[in-house]
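Report on the structure given below.
Nothing in this text is a laboratory measurement; each read-out follows from the coordinates by a stated rule. Computed from a predicted model, the values in this text were never measured in an experiment. In this analysis, Cβ positions are derived from the backbone assuming ideal geometry, glycine residues included, and neighbour counts consider all displayed protein chains.
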Amino acid sequence: SAYSANVNSLRELTDFTIGVAVSNSDSPTYNILSNASEKAVVEKHFEQMTAGNIMKMRYLQNVQGTFTFTNADAFVDYAKSKNMTVHGHALVWHSDYQVPDFMKTWSGSSADFITALKTHITTIVDHFEEKGNVASWDVVNEALSDTNPSTFRTDSTFYEKSGNSAIYIEEAFKAARAAAPQTTLYYNDYNIDQNNPKTTKLIEMITDFQARSIPVDGVGFQMHVFMDYPSIANISAAMKKVVDKGLKVKITELDVSVNNPYGGWPANKVASFTQAAALAQKKRYCEIVKAYIDTVPAPQRGGISVWGTTDANTWLDGLYKTEFNNEKISWPLLFDNNYNDKPALRGFADALQGITCTNL
Ligand code: XIL
């Protein structure tokens, strides 16, 4: 019989927000509005959803001046009908597949580009403010580089069209704040949990924004992490730096891949999801959630969201397709291919309940 983590409802184990990313019109199979298994697991355990794709830039304004809210509205309304909030994701993101063509091919002035970007943000934020259950936004996603030292990302339509300038970041926050005075505004990024040069650049940017009253309320740590990397010490130290700035910390996209295609690969490959792997992952989930609770004081907790429900629908299978030779061996989420609980769910719950993290 299927494993049970013995968790009635994850969200009921804590005061801070427990969320999940879901598919919608971007996936016929896993559409939260039509897949009964998705609905069941989401409604049981979570109180907030992030749209995995459909609130990204080109989904809402593919053609300049034409905003298409139909799918996003159905999603946000569904959340509302289940008393769930939505974490809006993402107003500004460089990743090519979702940047509208009119922005990529912009040939006007940088001042006009900033105006167009602000129109994008204002129109979208205004629209969802009326619904009332979009609690927070990733205003800018992934604007920092992975180099040492880290800089503002230059391989970005936004950087280039702003006149090779990072000015678009603060303009985005100002526009979002003007449209949504009460909504929590996040800067969101990956690898900042490594307590590395990118973390340093993040803190430098936050310090500068605060000195100049640029409105940013929190930092989203994506946390697409591995079993052994980054260390809990580094995750905690990185979050502490944000806490010390007085900002909220939200884990926005948590998943924990069992296999790591970097250092040691493929010698250390885990070929099947054994009991030992499942229990090690349980402990790892517990330690991450515990680090969050230990490091972030309650008033600064924006919550924790996982990036998907079932392992069968993880984005990591696509991301590591080449490295993993098409094998689906990340198994990074809380529920297995059949929506059964995994020990990882028990590990998450253990941390919320103050139970020691173990691989037993
Ligand atoms: C991913 C989605 O999950 C995929 O379906 C899509 O193909 C690519 O984007 N960081 C982010 C998310 O902020 O928007 C990304 O989502 C995962 C990495």
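A Förster distance of 45 Å, applied to the separation of the beta-carbon atoms of Ser1 and Ser34, puts the FRET efficiency at 0.95. Note on Glu323 and Thr66: the extension gain reaches 88.6 nm, defined as 0.36 nm multiplied by sequence separation minus the Cα-Cα distance. In whole angstrom, region 71-220 maps to an equivalent ellipsoid with semi-axes of 25, 19, 15, each derived as √(5λ) from the alpha carbon gyration tensor and ordered largest first. Length gained on full extension, Asp112 to Arg212, computed as 0.36 nm times the residue gap minus the Cα-Cα distance: 33.7 nm.
Positive end of the dipole of region 87-166 (Cβ unit charges, origin at the Cα centre): among Gly108, Leu91, Thr122, the Cα lying farthest that way belongs to Gly108. Between region 287-360 and region 178-214, the alpha-carbon centres lie 24 Å apart. Between the amide H of Thr310 and any residue lying 5 or more places away or on another chain, no distance stays under 5 Å, with hydrogens modeled in the peptide plane. Tell me whether region 47-91 comes out rounded, prolate or oblate; compute the Cα gyration tensor, take square roots of the eigenvalues as a ≥ b ≥ c, and use a/c under 1.5 as the rounded threshold. The shape class here is prolate. Rounded to the nearest 0.05, what FRET efficiency do Thr105 and Asp73 give with R0 = 35 Å and r taken as the Cβ-Cβ distance? Could you check? Using R0 = 35 Å, I get an efficiency of 0.80.
Per residue, the Cα convex hull of region 289-360 amounts to 120 Å³.
For the chain, the mean residue ellipticity at 222 nm estimated from helices alone is -11000 deg cm²/dmol, where every DSSP H run of n ≥ 4 contributes -39500 (n - 2.57) and the total is divided by all residues, rounded to the nearest 500. Normalised by residue number, the volume inside the convex hull of the Cα atoms of region 165-257 is 95 Å³ per residue.
In sequence order, region 156-171 has phi-based couplings of 8, 3, 5, 5, 4, 6, 7, x, 6, 8, 8, 4, 4, 5, 5, 4 Hz under the Karplus curve 6.51 cos²θ - 1.76 cosθ + 1.60, θ = phi - 60°, and Gly or Pro positions carry x. For Gly303, the amide hydrogen comes within under 5 Å of the amide hydrogens of Thr17, Ile251, counting only partners 5 or more places away or on other chains and with H modelled in the peptide plane. Coupling constants for region 238-253 follow from the phi torsions by the Karplus curve (6.51 cos²θ - 1.76 cosθ + 1.60, θ = phi - 60°), and in residue order they are 5, 5, 4, 4, 6, 4, 5, 7, x, 8, 6, 10, 10, 7, 9, 9 Hz; glycine and proline get x.
When the square roots of the Cα gyration tensor eigenvalues are ordered a ≥ b ≥ c, the ratio a/c for region 216-256 is 1.5 or more and a/b does not exceed b/c, which makes its shape oblate. For the chain, the fraction of C-alpha pairs more than 26 angstrom apart is 49%. A cut-off of 5 Å between modelled amide H atoms, ignoring neighbours fewer than 5 places along the same chain, links Thr50 with Val20, Ala21, Val22, His87. Secondary structure note: in the chain, about 5% of the DSSP beta bridges are antiparallel.
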